[in-house]
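Let me begin by presenting the structure, written as structure tokens, before commenting on it.
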Amino acid sequence: MHICRMAAATLQPARATTQAYNAHINISCFNDLPSTGSLPSLKRKSLTYDLIAIIKPVALVTGRKNGRTCSISAQASPVLDPVLSSSKNSNDPPKKSSEAALILIRHGESLWNEKNLFTGCVDVPLTQRGVEEAVEAGKRISNIPVDAIFTSALVRAQMTAMLAMTQHRRKKVPVIIHNESEQAKGWSTIYSEDTKKQSIPVITAWQLNERMYGELQGLNKQETADRFGKEKVHQWRRSYDIPPPNGESLEMCAERAVAYFKEQIVPQLDCGKNVMIAAHGNSLRSIIMYLDKLSSQEVISLELSTGIPMLYIFKEGKFMRRGSPIGPSEAGVYAVTKNLALYRQKLDDMIH
């Protein structure tokens, strides 16, 4: 059975709920708070990451842009401006922001990563190492303001986002938004205005889930290669358009992940919101393919290590890869490269 038909039956309740709130995500329990501060002007160094070189003052205020209204009501904060409150009059007219940060994080190591099992859409938690990777990721992005968080519907991605934010210098609390029913929305309402201002909305979406591996889910990767042959399993895992039995190809995963990114996340960036996405290897590969205009051959060779944040700057409708090691004693964030996993330890050694 074609995976699209099979998924229609298994995911119909989630799809209906998602479509209902995808039309207009309206998180009314978070307030827009204009903020002024500084944005980095980034100069490229000769290595595979970028350093922050020049700081210039820029006002960031949420509002309308190109006729579109920001629908996630959270404070739009200047990129890399740690805990500066706004001095602007609240009656000032909204202005368009010039830049926004996009942080991508693959979840930390899961229990099935540790056991070398195909995980896909099976919902398993992080290992202790995965928890530590998530905390370390939080340290790397602690200077980058986050206004909204998008995660998959799977707990390993949600754990990673929540744990990362425990290290953030603004000390805002990530709060999962429950829009799946009127009762869920009512029961999770925040009634304190001060508490709302110190919270970050977390939106979960199955479209950001890992690629569904079908009949491979739960199988040991080495045993599967021994059973079906290394070449066949490699084809299932690394080809762009060939799915495993009753599973998704990377192409099919990209269709849902990129569509959601363009429909729900880009509008937030367009309004000046700094966004973090905590997701999975294949859903993030798909998004990076869109951001960097990679070919189908280039994306299948893209390796993303667990727990490493990647930074993009969104400006004038374009995405620019950036990395931001803060100083000689801090690891910071890497720009995504095809050889990112190979360079991780080398870069850490160089800047420590």
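Some observations on this one:
- Whole-Hz Karplus values for the stretch 173-182 come out as 9, x, 10, 5, 8, 10, 10, 6, 7, 4 Hz, taken residue by residue from phi with 6.51 cos²θ - 1.76 cosθ + 1.60 and θ = phi - 60°; glycine and proline positions read x.
- Pairwise label distance in nanometres, GLU114 with ASP194, each label 7 Å out on the Cα-Cβ vector: 4.1 nm
- Order of PHE319, PHE150, PHE118 - criterion: other Cβ atoms within 10 Å of each residue's Cβ, fewest first: PHE319, PHE118, PHE150
- What the Cβ-Cβ distance of SER98 and SER239 gives, at R0 = 30 Å and to the nearest 0.05, is a FRET efficiency of 0.15.
- Modelled FRET efficiency - R0 30 Å, VAL173 with VAL122, Cβ distances, 0.05 increments: 0.55
- The slack between ALA184 and GLN222, meaning 0.36 nm per residue of separation minus the straight C-alpha distance, is 9.4 nm.
- When you count the other C-beta atoms within 10 angstrom of each residue and take the mean per peptide, 220-226, 299-305, 102-108 line up highest first as 102-108, 299-305, 220-226.
Each reported figure results from applying straightforward, stated rules to the coordinates on display, with no laboratory input. Being a predicted model, the structure only gives us computed values, none of them experimental. Here Cβ is always computed from backbone atoms with ideal geometry, including for glycine, and neighbour counts include all displayed protein chains.
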